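What follows is one structure encoded as structure tokens, with my remarks underneath.
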Amino acid sequence: MTKEGFKRKLTAILSADVAGYSRLMGEDEEATVRTLTAYREVLTTLIQQHNGKVLDSPGDNLLAEFVSVVDAVQCAVAVQKEISARNTELPENRKMQFRIGINLGDVIQEDDRIYGDGVNIASRLEGLAEPGGICVSKTAFDHIESKLPYGYDFMGDQTVKNIAKPVGAYRVLMDPRVTVSGKAVDERPKNKRRVPILVGTIAALVVVLTVGVWQFLARRPTLEPASAEKMAYPLPNKPSIAVLPFTNLSDDPKQEYFSDGITENIIMALSKTPKLFVIARNSSFTYKDKPVRVQQVAEELGVRYILEGSVQKTENRVRITAQLIDALDGKHLWAERYDRNLSDIFAVQDEITIKLISALQMKLTEGESSLGVGTDNIDAYLKYLQARSQGQKLSKESSVLRVKLAEEAIALDSDYADAYVEIGSAHLTELWYSSPDLSIQLLEQAELNVKKAISLRTDHAEARALLGHIYLFKRRFDEAIAEGERAVAMAPNSAPVNAWLAFSLECVGRPEEALSLFEKAMRFSPISDSWYLAMLGYCYFDMGRYEEAISAFKRFLDLSPGEPLTIASLAATYSMLGREEEARAAAAEVLKIDPKFSVEVQRKKSLYKNPEDVKHLYGAQLKAGLPE
């Protein structure tokens, strides 16, 4: 007979605690308490939304009960996803993760408290869970296996403290898979009788994901808004966006090329849309692997919208999350999660881009809606991404490897235009590390591959821009400008495409037009490539704006110190202003770095169309004391 005031019942128990709580408190007690208080409110709200009740919350622990195990597990998944999303706003060492254990068991209830092995087992399962993870008992699993679209890993029978018998435990994987005999396997219908079950599972999954995304957007906290007054640059008069590098969540760091490639493809697709203002890849990627706030990024780059996300690639599966944030309002406009086969990656990237544009309340024209990656061969695509990742290293060795990987992509898909562009770009990079004789051969190979790309895709902006660059090296100036103009028309938001046309215009003696395009390129890439600054300096020099030229050359040298050609141009600029002492000092620095420096050699290597256009530059270098 039970004691008066006590009663027994079967209930679903959820137990949660903070992983690494002692470390967090030891490092910063006040910050930890603030975060815990905010996160406890999140847990309490979600528990109530899932028909649960918080019974106790001492310290970093929380105990709750649910009438339904299904409600308890759905709540736990929602909690872990919400906490994970909020943790993105915290520095790495301040992220707070919860471990959650769930059990279905018999308990004794006294007023609003519950006791017994049912509670103790939930607590022990919590200790078996990974930070950010969920662990459920065998009794709970038996009630949810066919009711929820999640996967489960059987952890075996666990011997836990103060529990007489081993406890069967399962890890909740939080992604849609089927569990058989304690092991998760891919969903593959083996006969017709499974089709209705599969259809029902997919329908349930769609509902769960739709509701989950809606709840995510509804519950996401308002971030600290960016200030239009603090923007480093005035906001453009059309929607402006920066795409931050998607985080690589794969276990293998070598998969970094894959997450970077997805980010770059989205940037390239957006840059083709004249209705948008898109920050260039090189500026966005300066924030890679850094704990930055959305507000900070928006203010430093001068944009209103920020896209961030993550990528997890495992064998033949890929999971991508993405969320669009209005930095001025501090609100989340759109969020989505994709769990797909790797072969679906092309459709996912297009879908993200189209949904982004839709979220920004714009419509694509027929021409702009062609956002594909140029191949339907996943192996060719992966080889191409690896090749492109080598392009960031700027060395002879990386250029050779870049060509090899791109050729392997072409072997898998001979009509892959992007891979031909990679080869052409790699050969142009190699020019800087090669002898004059080899340079001629590399230029021919570059032209051959880029023209092949254009024959496959006449609207390939990067290929057109590269061909213009090749024509410039060949001193075919009119063709260089024509190709550059075609490229800008195709990708008006592309920083490099605008800069390459600007380079050609400067070389034919049109510095005013070149300056305008360089300034445009630098606005697309505020944390700009250093060569933009050098060319800005030459435009100012040719226009007689010598003080501005000095400023541009110095900014370039801050990023690329010790570059003798730019220091020589700085010496010439000082000389044009009559600042002879500074001119001689700069000339002496050039000769210290490169004792064989020759003004005549540099003049012969110049890409300028009319030698008279730069006669005053080389004359001023001689006047500053540089040898002929």
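Might you let me know whether region 371-387 holds any residue that is at pLDDT below 75 and surrounded by 17 or more Cβ atoms within 10 Å (Cβ to Cβ)? The answer is yes, given that some residue of region 371-387 is at pLDDT below 75 and surrounded by 17 or more Cβ atoms within 10 Å (Cβ to Cβ). Does ALA502 satisfy the condition of being farther than 19 Å from THR273 by Cα and either among the hydroxyl-bearing types (Ser, Thr, Tyr) or part of a helix (DSSP H, G or I) (or both)? So ALA502 fits the description; yes. Residues of region 388-442 that are surrounded by fewer than 24 Cβ atoms within 10 Å (Cβ to Cβ) and in a loop (DSSP other than H, G, I, E, B): GLY391, GLN392, LYS393, LEU394, SER395, ASP413, SER414, ASP415, SER434, SER435. Kindly indicate the residue of region 63-87 that is in contact with a Lys or Arg (Cβ under 9 Å, 6 or more places away or on another chain) and of a type in the set (Asp, Glu) and also nearest to ILE134 (Cα to Cα) among those meeting that condition. Among them, the one singled out is GLU82. Close contacts from region 267-278, counting a first residue that is touching a residue at least 24 places away in the same chain (Cβ under 8 Å) and more than 15 Å from ILE306 (Cα to Cα) and a second that is of a type in the set (S, T, N, Q) and part of a helix (DSSP H, G or I), with Cβ to Cβ under 8 Å and a gap of 6+ residues or different chains, come to ALA269/GLN349; ALA269/THR353.
Only helices (runs of 4 or more DSSP H) wholly contained in region 1-113 count here; list those with 2 or more residues that are hydroxyl-bearing (Ser, Thr, Tyr) and either under 29 Å from GLU308 (Cα atoms) or not assigned by TED's automatic domain parsing to the domain that holds GLU308 (or both).
Here the list reads 21-27, 29-49.
For PRO245, the conditions (1) in a loop (DSSP other than H, G, I, E, B); (2) crowded, with 21+ Cβ neighbours inside 10 Å; (3) in contact with a strand residue (DSSP E or B) (Cβ under 6 Å, 6 or more places away or on another chain) are fulfilled apart from (3). Identify the residue in region 295-312 that is in a helix (DSSP H, G or I) and touching a strand residue (DSSP E or B) at 6+ places or on another chain (Cβ under 7 Å) and, among all such residues, is farthest from ALA226 (Cα to Cα). Among them, the one singled out is LEU301.
Checking each residue in region 505-537 for being assigned to a loop (DSSP other than H, G, I, E, B) and acidic (Asp, Glu) picks out only ASP529. Does region 456-467 include one or more residues that are more than 20 Å from MET268 (Cβ to Cβ), surrounded by fewer than 19 Cβ atoms within 10 Å (Cβ to Cβ) and outside the structural domain of ASN282 (by TED's automatic domain parsing)? Looking for residues that are more than 20 Å from MET268 (Cβ to Cβ), surrounded by fewer than 19 Cβ atoms within 10 Å (Cβ to Cβ) and outside the structural domain of ASN282 (by TED's automatic domain parsing), one finds none in region 456-467, hence no. Among the residues of region 26-44, the ones that are closer than 18 Å to ARG99 by Cα and surrounded by 14 or more Cβ atoms within 10 Å (Cβ to Cβ) come to 8 in all. Is region 76-98 home to any residue that is under 15 Å from ALA140 (Cα atoms) and touching a Ser or Thr at 6+ places or on another chain (Cβ under 9 Å)? No, there is no match, as no residue in region 76-98 is under 15 Å from ALA140 (Cα atoms) and touching a Ser or Thr at 6+ places or on another chain (Cβ under 9 Å).
Does region 302-316 include one or more residues that are surrounded by fewer than 18 Cβ atoms within 10 Å (Cβ to Cβ), basic (Lys, Arg) and out of contact with any Cys (no Cβ under 7 Å at 6 or more places or on another chain)?
Keep residues of region 302-316 that are surrounded by fewer than 18 Cβ atoms within 10 Å (Cβ to Cβ), which gives 314-316.
In the following step, the residues that additionally are basic (Lys, Arg) were identified as none.
No, region 302-316 contains no residue that is surrounded by fewer than 18 Cβ atoms within 10 Å (Cβ to Cβ), basic (Lys, Arg) and out of contact with any Cys (no Cβ under 7 Å at 6 or more places or on another chain).
Considering only residues that are of a type in the set (Val, Ile, Thr) and at pLDDT 90 or above, look in region 404-435 and name the one that is nearest to LEU456 (Cα to Cα). Only one residue fits best here, namely VAL421. In region 547-592, the qualifying residues are those that are surrounded by fewer than 17 Cβ atoms within 10 Å (Cβ to Cβ), within 30 Å of SER283 (Cα to Cα) and of a type in the set (A, V, I, L, M, F, W, C), and the one that is farthest from the chain's Cα centre (by Cα) is LEU565.
Any idea how many residues of region 122-141 are aliphatic (A, V, I, L, M) and free of Cβ contacts under 8 Å to residues at least 60 places away in the same chain? I'd like the intermediate steps shown before the answer.
Quick first cut of region 122-141, residues aliphatic (A, V, I, L, M) only: 122, 125, 128-129, 134, 136, 140.
Going one step further and asking which of them are free of Cβ contacts under 8 Å to residues at least 60 places away in the same chain, we end up with 128-129.
Of the residues in region 122-141, 2 are aliphatic (A, V, I, L, M) and free of Cβ contacts under 8 Å to residues at least 60 places away in the same chain.
There is no residue in region 447-458 that is within 26 Å of the chain's Cα centre (by Cα) and assigned to a loop (DSSP other than H, G, I, E, B).
A residue that is in contact with an Asp or Glu (Cβ under 9 Å, 6 or more places away or on another chain) and among the aromatic types (Phe, Trp, Tyr) can be found somewhere in region 545-557. Which of the residues belonging to region 530-544 are more than 30 Å from the chain's Cα centre (by Cα) and crowded, with 17+ Cβ neighbours inside 10 Å? Answer for region 530-544, where residues must be more than 30 Å from the chain's Cα centre (by Cα) and crowded, with 17+ Cβ neighbours inside 10 Å: GLY537, TYR538, CYS539, TYR540, PHE541, ASP542.
Looking across SER575, SER560, SER606, one residue alone is of a type in the set (Gly, Ala, Ser), at negative phi and touching a Lys or Arg at 6+ places or on another chain (Cβ under 6 Å). It is SER575.
The values are calculated or read from the model by the stated rules, or taken from the named source; none is laboratory data. Nothing here was measured: the structure is a model prediction, and the numbers come from that model. Backbone-built Cβ (ideal geometry, glycine too); neighbour counts: all protein chains shown.
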